[in-house]
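Taking it in order: structure first as structure tokens, then the write-up.
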Amino acid sequence: MLVPWTQYLNSNHFYLLDYVFDSSSTQAEDINRLHVYFLFAAAFILFVVIGCTVLVLLKFRHRQGVDYQPKSLSQKWEILTIGVPMLLVIVFFVLTLKTMHRVLPEVNGRKPDVVITGHQFWWEANYPAQKVITANEIHLPAGRTILLKLLSADVIHDWWVPDFGNKMDLVSGKENYLWLNIKKPGVYHGACSEFCGAQHAGMQLTVIAEGEDDYEKWLTSHASLPAVITDTIAQIGEKLFTEKTCGNCHNISGTSNRGRDGPDLTHLASRKTLLTGLIENNKDNLGKWILKPQEIKPGAKMPDFKMDKQSADEIVAYLSSLK
């Protein structure tokens, strides 16, 4: 079934209008301004080429009884056809350097506000000043310039949120940095844009930009430990979580579970989605994931524990209490 082109104009998938002409960060403004300059230059060259082609076709079209003799191109035309493209290359080279300097200035020893680590196939966000660690749903402040430090725990990943314009590789053993100033609060979606394995297409990215007050409240709530568990089933689930060695991969602050290979689950119940945004965070989906992880996300590092449904429900009750 063919979809009318007007539907694309009104959809979230039409990124040209969505982020080129409505940038959501100051860095995107600089990058997209350069894109617009390129667009106008390319359009100018296109019209000149079309115009010259039409002129030649009309002026030198075949006429009865007219014998055209080849002529050498004048030196002025040679200078023009070589000089203009060279001038454009020089202009855009300078503009590109200036844009790079504005978008990616030197770090100069500044400590990062957030450390982003790419894993197969999820994102870890570490807020070193507040000692907060979360996963996949990354909260950032809007309205001020922050520095992201980008690392990889395994293969090459790539941070890319189209609304923010710039992107950066995450390379194992190397520290990369990205400056970001989000203009207004909102929820922004991105993805890993460097092929990283079987679940590369499922390695989505959600950034929740908040005003300073809301951002500080979020940091404060996530710096604290989850509330004491009083529900009996959740208490059984907490014991099972440890017995099933889930803590070998996952960290839950305030407990003996200190794993770092999987996402931090300290405040799992406060997240809206699971599996980098692939499914909604609710008890039903969480139970399905625990019981049959490779059916939900084939290629993920989560093993199938061959767990019975009652045990899974008890662990779900525990994890759902971690707010």
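The values are calculated or read from the model by the stated rules, or taken from the named source; none is laboratory data. All values derive from a computational prediction rather than experimental measurement. Glycine gets a Cβ as well: all are built from the backbone with ideal geometry, and neighbour counts include every protein chain shown.
The rows are residues; the columns are (1) within 12 Å of the chain's Cα centre (by Cα); (2) among the hydroxyl-bearing types (S, T, Y); (3) surrounded by 17 or more Cβ atoms within 10 Å (Cβ to Cβ).
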| site | (1), (2), (3) |
| --- | --- |
| A153 | no, no, no |
| A191 | yes, no, yes |
| H200 | no, no, yes |
| H222 | no, no, yes |
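On inspection, A142 qualifies as in contact with a Lys or Arg (Cβ under 6 Å, 6 or more places away or on another chain), touching a residue at least 40 places away in the same chain (Cβ under 8 Å) and assigned by TED's automatic domain parsing to the domain that holds L219. Residue selection: E243 satisfies the criterion of being surrounded by fewer than 18 Cβ atoms within 10 Å (Cβ to Cβ) and within 23 Å of Q310 (Cβ to Cβ). Does R258 fit the bill of being charged (D, E, K, R), surrounded by 15 or more Cβ atoms within 10 Å (Cβ to Cβ) and within 31 Å of the chain's Cα centre (by Cα)? No: the conditions fail for R258. Would you check if there is a residue in the stretch 144-151 being more than 23 Å from R271 (Cα to Cα) and in contact with a helix residue (DSSP H, G or I) (Cβ under 8 Å, 6 or more places away or on another chain)? Yes - at least one qualifying residue is present in the stretch 144-151.
Could you please let me know if E210 is in contact with a His (Cβ under 8 Å, 6 or more places away or on another chain), surrounded by 12 or more Cβ atoms within 10 Å (Cβ to Cβ) and either closer than 15 Å to L322 by Cα or modelled with pLDDT of 95 or more (or both)?
For E210, the condition - in contact with a His (Cβ under 8 Å, 6 or more places away or on another chain), surrounded by 12 or more Cβ atoms within 10 Å (Cβ to Cβ) and either closer than 15 Å to L322 by Cα or modelled with pLDDT of 95 or more (or both) - is met.
Among the residues of this structure, A129 does not count as one that is surrounded by fewer than 21 Cβ atoms within 10 Å (Cβ to Cβ), closer than 29 Å to P226 by Cβ and in contact with a His (Cβ under 6 Å, 6 or more places away or on another chain). Checked across the stretch 272-288, the condition of being surrounded by 17 or more Cβ atoms within 10 Å (Cβ to Cβ), acidic (D, E) and out of contact with any Lys or Arg (no Cβ under 6 Å at 6 or more places or on another chain) holds for no residue. The criterion of being touching a residue at least 60 places away in the same chain (Cβ under 8 Å) and more than 27 Å from N108 (Cα to Cα) does not hold for G190. Touching a residue at least 24 places away in the same chain (Cβ under 8 Å), assigned by TED's automatic domain parsing to the domain that holds E124, crowded, with 18+ Cβ neighbours inside 10 Å and more than 20 Å from Q27 (Cβ to Cβ): is that true of C196 in this structure? So C196 fits the description; yes. Scanning the stretch 96-120 for residues that are in contact with a helix residue (DSSP H, G or I) (Cβ under 6 Å, 6 or more places away or on another chain) and of a type outside the set (V, I, T) yields a total of 1. Among residues belonging to the stretch 132-141 that are touching a helix residue (DSSP H, G or I) at 6+ places or on another chain (Cβ under 8 Å) and closer than 17 Å to Y188 by Cβ, point out the one that is surrounded by the fewest Cβ atoms within 10 Å (Cβ to Cβ). My answer is H139. Restricting attention to the stretch 86-130, the residues that are assigned to a helix (DSSP H, G or I), closer than 28 Å to A142 by Cα and either in contact with a Phe, Trp or Tyr (Cβ under 9 Å, 6 or more places away or on another chain) or of a type outside the set (V, I, T) (or both) add up to 7.
Of the numbered criteria (1) among the small types (G, A, S); (2) part of a helix (DSSP H, G or I); (3) at pLDDT 95 or above, the one G83 fails is (3).
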